[in-house]
Amino acid sequence: MDMTLDELFRIAVDRKASDLHLVVGLPPIVRIDGALQQLSAKPKLTATEIRSLLNSILTEKQKTILENEKELDLSYELRGAGRFRVNCHWEKDCLGMVARVISKDIPTLEHINVPPIVYDLLQLQQGLILVTGPTGCGKSTTLAAMINHINIQRSVNIITLEDPIEFVFTPIKSIIKQRQLNTDMLSFGNALVHVLRQDPNVIMVGEMRDLETIGTTITLAETGHLVLATLHTHNAAQTMDRIIDIFPPHQQPQIRLQLSITLRAILSQRLIPRKEGGRVATREVLINTPAVANLVRENKIAQIKSVLQTSAEEGMVTMDQDLINLYRKEEISKETAQFHMLNPELLD
């Protein structure tokens, strides 16, 4: 085999790909601006070749975890190229890999064009801010920009819980402690239970995956900490439902009450094609005003949509409104805007 994994990583970076895929029977594949492209100059990969490529970056401990658990997440740094979030897995009794390319530079809030209200939210001393969206929509990038903004503006102790560590922060005004699953902590839930002993001001939870993590995250936000976290949901109302529904029915009234008190905002985003090439984020922003908190407490989540549509002065924006704004700024085409809108007739 005449190629190395480092060589493939460099190709992914040079082509500005977001992901690199290794699949048995296919050449290496990169995702560029959301579309998959085969590296046709490279040969189709065999199971033996993929195992050899992966073994070149895995420790003996990681190889054992991959054999026993059939999944492995890790971060990998290639000098001069950047960092990669790597997932190794089994598929049809063969190894496969997907690597997410992580930018060497932590983006600024200005660069990723977050709404003005986000700057105000990051001055808060406590509460829960959620960044949601499907896989590959830039949630980690948005969180990193938010954390680094706090790092530049405030003198606080920031603790991140990640799987794996993606962007590596350099302390500026803040202390930043980055903890990685399996190497620095046993589980998100376990780390969250003990994090209060570490004198945190700001806590970032890479992903709220289960009941224990969600419950503890909400409680931490209730006890005087600013907590930033992600969830795989498509909009604000679905996010509320997902959080509440993961709890048993007898606990749901208590969780609705906690959520109504601790939640500060939900940013739901997705990446869509930019008119001039590349991709741009479109976002729905829900701010937990007294009206929203009341709907959460009374289990009237379905009515949140109408509050979103009529609360622009509070800093809120629906996905449709943001898509219209991007179209009017000539960042996206009318066809792209209408394709992603719930009510495309608004642009007719």
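Below are the figures for this structure:
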read-out: Condition check for Arg279: touching a residue at least 60 places away in the same chain (Cβ under 8 Å), closer than 15 Å to Gly133 by Cβ, out of contact with any helix residue (DSSP H, G or I) (no Cβ under 7 Å at 6 or more places or on another chain) and not hydroxyl-bearing (Ser, Thr, Tyr); value: yes
read-out: Hits in segment 13-33 - residues which are within 20 Å of the chain's Cα centre (by Cα) and on the phi > 0 side of the Ramachandran plot; value: Lys16, Asp33
read-out: Residue within segment 186-203 that is more than 23 Å from Ile243 (Cα to Cα) and assigned to a strand (DSSP E or B) present; value: no
read-out: Looking only at segment 280-303, and only at residues there that are surrounded by fewer than 18 Cβ atoms within 10 Å (Cβ to Cβ) and charged (D, E, K, R), the one that is farthest from Ser18 (Cα to Cα); value: Glu298
read-out: Filtered residues of segment 117-129 (kept if outside any helix (DSSP H, G or I) and in contact with a Lys or Arg (Cβ under 9 Å, 6 or more places away or on another chain)); value: Leu122, Gln123, Leu124, Gln126, Gly127, Leu128, Ile129
read-out: Flag if Arg209 is at pLDDT below 95 and either within 19 Å of the chain's Cα centre (by Cα) or in a helix (DSSP H, G or I) (or both); value: yes
read-out: Residue in segment 164-187 that is within 16 Å of the chain's Cα centre (by Cα), under 28 Å from Ala237 (Cα atoms) and among the polar types (S, T, N, Q) present; value: no
read-out: Any hit, segment 95-106, residues being out of contact with any Pro (no Cβ under 6 Å at 6 or more places or on another chain), of a type in the set (Gly, Ala, Ser) and crowded, with 18+ Cβ neighbours inside 10 Å; value: yes
read-out: Candidates Ile102, Ile129, filtered to the one that is modelled with pLDDT under 95 and aliphatic (A, V, I, L, M); value: Ile102
read-out: In segment 145-185, the residues that are among the polar types (S, T, N, Q), without any contact (Cβ under 8 Å) to a residue 40 or more places away in the chain and not in a helix (DSSP H, G or I); value: Ser155, Thr170, Ser174, Gln178, Thr183
read-out: Matching residues, segment 312-348, being among the hydroxyl-bearing types (Ser, Thr, Tyr) and surrounded by fewer than 19 Cβ atoms within 10 Å (Cβ to Cβ); value: Ser333
read-out: From the options Val30, Val24, residue that is crowded, with 19+ Cβ neighbours inside 10 Å and over 22 Å from Glu162 (Cβ atoms); value: Val30
read-out: Leu36 being buried (at least 18 other Cβ atoms within 10 Å of the Cβ), over 21 Å from Ser75 (Cβ atoms), modelled with pLDDT of 95 or more and assigned by TED's automatic domain parsing to the domain that holds Arg79; value: no
read-out: Residue among Lys177, Lys139 that is farther than 30 Å from Arg31 by Cβ, of a type outside the set (Phe, Trp, Tyr) and either at pLDDT 95 or above or in contact with a strand residue (DSSP E or B) (Cβ under 8 Å, 6 or more places away or on another chain) (or both); value: Lys177
read-out: Pairs with Cβ under 7 Å, 6+ apart, first in segment 323-344 and under 19 Å from Ser268 (Cβ atoms), second in a loop (DSSP other than H, G, I, E, B) and charged (D, E, K, R); value: Glu331/Arg274; Glu331/Lys275; Ile332/Arg274; Ile332/Lys275
read-out: Considering residues of segment 320-348 that are in contact with a Leu (Cβ under 7 Å, 6 or more places away or on another chain) and of a type in the set (A, V, I, L, M, F, W, C) only, the residue nearest to Ala236 (Cα to Cα); value: Met341
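This table checks each residue for (1) of a type outside the set (Asp, Glu); (2) farther than 23 Å from Leu122 by Cβ; (3) outside any strand (DSSP E or B).
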residue	(1), (2), (3)
Thr230	yes, no, no
His234	yes, yes, yes
Arg242	yes, yes, yes
Arg256	yes, yes, yes
Ser260	yes, no, yes
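The values are calculated or read from the model by the stated rules, or taken from the named source; none is laboratory data. Since we're looking at a predicted model, the values are computed, not measured. Note that each Cβ is placed from the backbone with ideal geometry, even for glycine, and that neighbours are counted across all protein chains shown.
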